[in-house]
Every structure is written in C-alpha cells, then in structure tokens.
C-alpha cells in the first residue's frame, strides 16, 4: 500500500516513471559503480580552480554546481573558487538575450553562437529555465534545443533553474559569468526566462541587452511598454522568413518609431531595430556588427567600464540581502518559531506585519 505522503510526493513530483514499465538493462553495473565512485570524489577548491584556468569544462561545470548549491557547508568552498578566479575574469563581452516564450530565443542563440564560434570565439551560454511554483522542478532542455551548438568544441551551454528569482535569472548567474570568463570564454550569452517587465536583473549583469520580438502575434503594442524597452540596446524581430517577412519589416518600423519616444541613454547609444531569421541564419552577422559598434562607442566614452563598476556595487548589495535572508531562515530560534507564527497568521490571531516584527525582534536579540 502507498501511504498518503508517498501519493502526494508522486502527485507533485516534477519527474515521474510510469508504473509497469521496467528500466531497460542496457548499462553495465561495473560502469555504474565507477561513475558513482567518481561522483563521490569531491575535488578541492584548488583542483577546481586549476581545472577552470586550464580550460576544463568538467571543472567549470562542477564549480558552477558548487556555487549554485544551497547547502551552507558548500559556501566557504564556493567563495574560495570565485575569489581565485576573479583575477582572470572580466575579459569577455556579456550579452543578455530576452523575449517572450515562443519568440525563438534558443534557435537564435544557436545560430548566433555558431556564427561566433565560426569566427574563432569561445562562447558560453548560461540558459535559465523557469522553475515550477508547484513542483519546484525545471525542464532544463536548452541543450536539447541547441543540437548543433552543444557539439561545438568552442561552446559551452549551462542550463540552470531560475528557482525563486523574479528577475529571470538564476540565483548565481553573476558568479557563473566570472567562472566562464576565467575558463577562457570571451563571449558570454545569458538567455533569460522571458517574464516581461519583471525581467530586470539580467540588465544589471550584461554589457549589451538584446530584446527579441516577433511580428503578427499581437505583440507590437505590448512591446512598446516602457520598462523593458528602455533597457534594450537593440530590438531584433525574429522569424522574418516566408510569408512573415512583410510583417517583420512593418514591426521593425513600428518599434523604431517607438524608440524615439524614450529619453536618451546614458551610454550615448541609440538603440537599433533589425530583422532576422534564426532558422535561415539571415541577419545574424548584422546583430554582431551592432554589438561591436556599441562596444566601440561605450569603451571610447568610458561608459562600458563605469557600468561594470556600478554592476559590481549592485551585486554587492544583492549578495548582502541574500545572505541576510539565508541566515534569518537558518537561525535556530526562527526555525523553532516560524511554523507556530505561520499558523497564528493563518488563523487571524496576529497580523502578518506584527508577526514579522516579532520574528525580526527575536532574530536580532
């Protein structure tokens, strides 16, 4: 008999196996034991750093897994790795790519990444998938969607779950950028969840912010909203192929007119609009040419370096907020009082604001 608890666990699980379908015996037990033994061996922070600096993808992946861990025991080791890699970071171009689901972000990134690796560049893609608010699971299927790029020896694709982060990026994406740079990747692409106007965190960790749009989907007026339009350094109308070419050109004109309604950027850069067909690789070289012009301008007027300094300050404050929150919920006194306080709030015995004040008072004793 399956208990009620087990039934609930199966019901809300992000991944399930169908009953009555046995696993095929296509693996060697000895190989499984070898893999399990290898996974149990935890490399030291020094070994991870040496591996990253020598260009080891395995070391990079294990280090990113380490810094993404919520286990408090991993924090000190993760900080050691990040600290050792920082002197070798900050030597890449960071490009954030966003757009509504279905706009073709993965297809565009694959075409864009292949174009860059064809030029001899090393490209790291940090792809963030949305996490379910029910099961807390995430599909992490970006490698499957980028079949060609994933096989490129000059490319690295790392999918991560967004977790509870509202801004469309994973909790540790900023640190992952530094590790990829230390591993020798000169172009970092961040593919975000695509959650609309709440997606602002990515803007605070990239040099160039690219907004992908599509035409003919009732998205034109939605895209003209302030917020995300003000952050974009370029707007690219994707899927400009077949019968959609005329609509894409019309959308380009509409967005171009809309951009003139916004105030001038501090960078001195005027946002551009263009069309492309990621599936046909049309318009991809023009996107990179736009990014190069942006970099030339912002490095000449020092905005590029000023923005990176401001981003470092921003992530200092974000990290402080995150650590305070983590320590608050891991505090023994808070853990012992939290459940009873929640029940009191649910039963209207105390207001949420008064309950929060009581818990904070206990924490700061």
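The values are calculated or read from the model by the stated rules, or taken from the named source; none is laboratory data. Note that the structure is a prediction, hence the values are computed from the model and not measured. Cβ atoms come from the backbone with ideal geometry, glycine included; neighbour counts cover every protein chain shown.
If you go through segment 76-97, how many residues are in contact (Cβ under 8 Å) with a residue 40 or more places away in the chain, within 12 Å of residue 181 (Cα to Cα) and out of contact with any strand residue (DSSP E or B) (no Cβ under 8 Å at 6 or more places or on another chain)? Number satisfying all stated conditions: 7. Between 82, 52, 109, the distinction of being modelled with pLDDT of 90 or more, assigned to a helix (DSSP H, G or I), surrounded by 14 or more Cβ atoms within 10 Å (Cβ to Cβ) and out of contact with any helix residue (DSSP H, G or I) (no Cβ under 6 Å at 6 or more places or on another chain) belongs to 109 only. Residues in segment 348-365 that are part of a loop (DSSP other than H, G, I, E, B) and out of contact with any helix residue (DSSP H, G or I) (no Cβ under 6 Å at 6 or more places or on another chain) were compared, and the one that is surrounded by the fewest Cβ atoms within 10 Å (Cβ to Cβ) is 365. Screening residue 202 with (1) modelled with pLDDT of 85 or more; (2) buried (at least 22 other Cβ atoms within 10 Å of the Cβ); (3) more than 17 Å from residue 270 (Cα to Cα) gives one miss only, at (1). Among the residues of segment 231-281, just one is in contact (Cβ under 8 Å) with a residue 40 or more places away in the chain, closer than 18 Å to residue 110 by Cβ and not in a loop (DSSP other than H, G, I, E, B), namely 236. Among the residues examined, residue 255 does not qualify as closer than 16 Å to residue 210 by Cβ and at pLDDT 90 or above. Can you find even one residue in segment 298-307 that is without any contact (Cβ under 8 Å) to a residue 40 or more places away in the chain and not in a helix (DSSP H, G or I)? Yes, that holds for at least one residue.
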